[in-house]
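K.L.:
The structure under discussion is supplied below as structure tokens; questions concerning it will follow.
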Amino acid sequence: MQKKYSNAKYIVIFVLVQIAWLAVLGLWIARYVTNHMVLKEIDQRYAIHISSVGNITVLVVGLALIAITTAGMWILFRYLNFLFHQTSLYDNFISSITHELKTPLSSIQIYLDTLRSYDDISGEQIQSFIEKMHLETIRLNKMINSILEVGRLETRNATYNCRVMNADETLKSMLEEIRDQYNLEKNRFRIEGSTASQIVMDRTAMRLVFENLIDNSLKYSPENPRIDINLSDSEKYIRIRLRDYGTGVLRLHLKKIFKKFYRFTDIQNPSVKGTGLGLYLVKGIVNFHGGIITANIPDDNIGLQFDIEFPRYPFHRKGYLNSLLKSYY
């Protein structure tokens, strides 16, 4: 059973500590005011001048120290809350990835057991089993590579073979390969527009970006999936717009979907599985190539739209792109 984490008790403790601090502060101020009034009365009655500068200094310094301590406690509390949230997401990830890895392994095991248990299987059936096991192996390999890729990006150990390429030719051929990979008809996977720019990129890593984006679109488009991709140029950027017509997400989730382990639960399609790493990995690879990716809701409020911008070489971010070429060529 998955362990449930709750930070409710820590919130209560934090609130009680703050109340205690405020109580101490209130008593201290009250004590200071009382002493100040007593000293003032003595001064007026007996004409004895007693300096209160030292007391005021102590009061100001004390208030400053209490403010610093309170701020420090608040920062620690926020960090603790963040760690609990990350732990919860990590547990969900472990549960999801275990299921995602087990499914293709179970399928492969079933096909192998069938081949071992029956002697009357036709050659056509054997070939079908081998093809299905091959597809499950590819699926398993993709998941493992995605997990490893995330680790490499976070530890800055990612090694990409970046080259200067014709953006229009490279991107279109890559997208057509992915279209064939998912057996999508051309009227359901449209590639429009063009770019006359050069791009610095690693083709394998960039294919992983679009595979994840398209796979995500297909997951949330259970019936009659449709994906439109548009290429264009601006003064500094190559612009790529990928738009689907699926169930989409709520506007408040747009900034969260690129976070690590974050998964949007679709009420209309609760069976959608995933690891919560796909879009996180997409953003990491795009940023590595000097690009920007944002998620938006289309004007007609149907589906989801990803807007990606990569710097045009050599017109924008030339120094950074040259560093990629020198480091990874």
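K.L.:
If you go through the range 299-313, how many residues are outside any strand (DSSP E or B), modelled with pLDDT of 90 or more and not charged (D, E, K, R)? So that I can check it myself, show each step before the final result.
P.N.:
First, the residues of the range 299-313 that are outside any strand (DSSP E or B): 299-304, 312.
Right, trim to modelled with pLDDT of 90 or more and you get 304, 312.
Right, trim to not charged (D, E, K, R) and you get 304.
The qualifying residues number 1.
K.L.:
Please count how many residues of the range 189-211 are of a type in the set (Asp, Glu) and either assigned to a strand (DSSP E or B) or not assigned by TED's automatic domain parsing to the domain that holds residue 279 (or both). Can you show your working first?
P.N.:
Quick first cut of the range 189-211, residues of a type in the set (Asp, Glu) only: 192, 202, 211.
Restricting the remaining residues to those that are either assigned to a strand (DSSP E or B) or not assigned by TED's automatic domain parsing to the domain that holds residue 279 (or both) gives 192.
Residues in the range 189-211 being of a type in the set (Asp, Glu) and either assigned to a strand (DSSP E or B) or not assigned by TED's automatic domain parsing to the domain that holds residue 279 (or both): 1 in total.
K.L.:
Of all residues being under 28 Å from residue 250 (Cα atoms) and touching a Leu at 6+ places or on another chain (Cβ under 9 Å) in the range 305-329, which is surrounded by the fewest Cβ atoms within 10 Å (Cβ to Cβ)? Just the residue, please.
P.N.:
Here is the first cut: in the range 305-329, the residues under 28 Å from residue 250 (Cα atoms) are 305-310.
Right, trim to touching a Leu at 6+ places or on another chain (Cβ under 9 Å) and you get 305-308.
Details: 305: 17, 306: 23, 307: 15, 308: 20.
So the residue we want is 307.
K.L.:
Moving on. If you check residue 221 against the conditions, is it at negative phi, part of a loop (DSSP other than H, G, I, E, B) and small (Gly, Ala, Ser)? Even if it seems obvious, please write down each step before you answer.
P.N.:
Details: at negative phi: yes; part of a loop (DSSP other than H, G, I, E, B): yes; small (Gly, Ala, Ser): yes.
In short, yes.
K.L.:
May I ask you to list the residues in the range 289-316 that are free of Cβ contacts under 8 Å to residues at least 40 places away in the same chain and of a type in the set (D, E, K, R)?
P.N.:
299, 300
K.L.:
Right, here's the next one. For the range 275-298, give me each residue that is part of a helix (DSSP H, G or I) and touching a strand residue (DSSP E or B) at 6+ places or on another chain (Cβ under 7 Å). Talk me through it step by step, then tell me what you get.
P.N.:
First, the residues of the range 275-298 that are part of a helix (DSSP H, G or I): 278-288.
Listed by number, the residues that qualify are 282, 283, 286.
K.L.:
Within the range 227-257, which residues are surrounded by fewer than 19 Cβ atoms within 10 Å (Cβ to Cβ) and assigned to a loop (DSSP other than H, G, I, E, B)?
P.N.:
Selection gives 234, 235, 236, 247, 249, 250, 254, 255, 256.
K.L.:
Output the residues belonging to the range 165-180 that are loosely packed, with under 15 Cβ neighbours inside 10 Å and touching a residue at least 12 places away in the same chain (Cβ under 8 Å).
P.N.:
First pass over the range 165-180, keeping only residues loosely packed, with under 15 Cβ neighbours inside 10 Å: 166, 169, 173, 176-177, 180.
Correct list: 166, 176, 177.
K.L.:
If you take the residues of the range 197-218 that are surrounded by fewer than 20 Cβ atoms within 10 Å (Cβ to Cβ) and out of contact with any helix residue (DSSP H, G or I) (no Cβ under 9 Å at 6 or more places or on another chain), which of them is farthest from residue 321 (Cα to Cα)?
P.N.:
Here the residue is 218.
The values are calculated or read from the model by the stated rules, or taken from the named source; none is laboratory data. In this text, all values refer to a predicted model and were calculated from it rather than measured experimentally. Note that each Cβ is placed from the backbone with ideal geometry, even for glycine, and that neighbours are counted across all protein chains shown.
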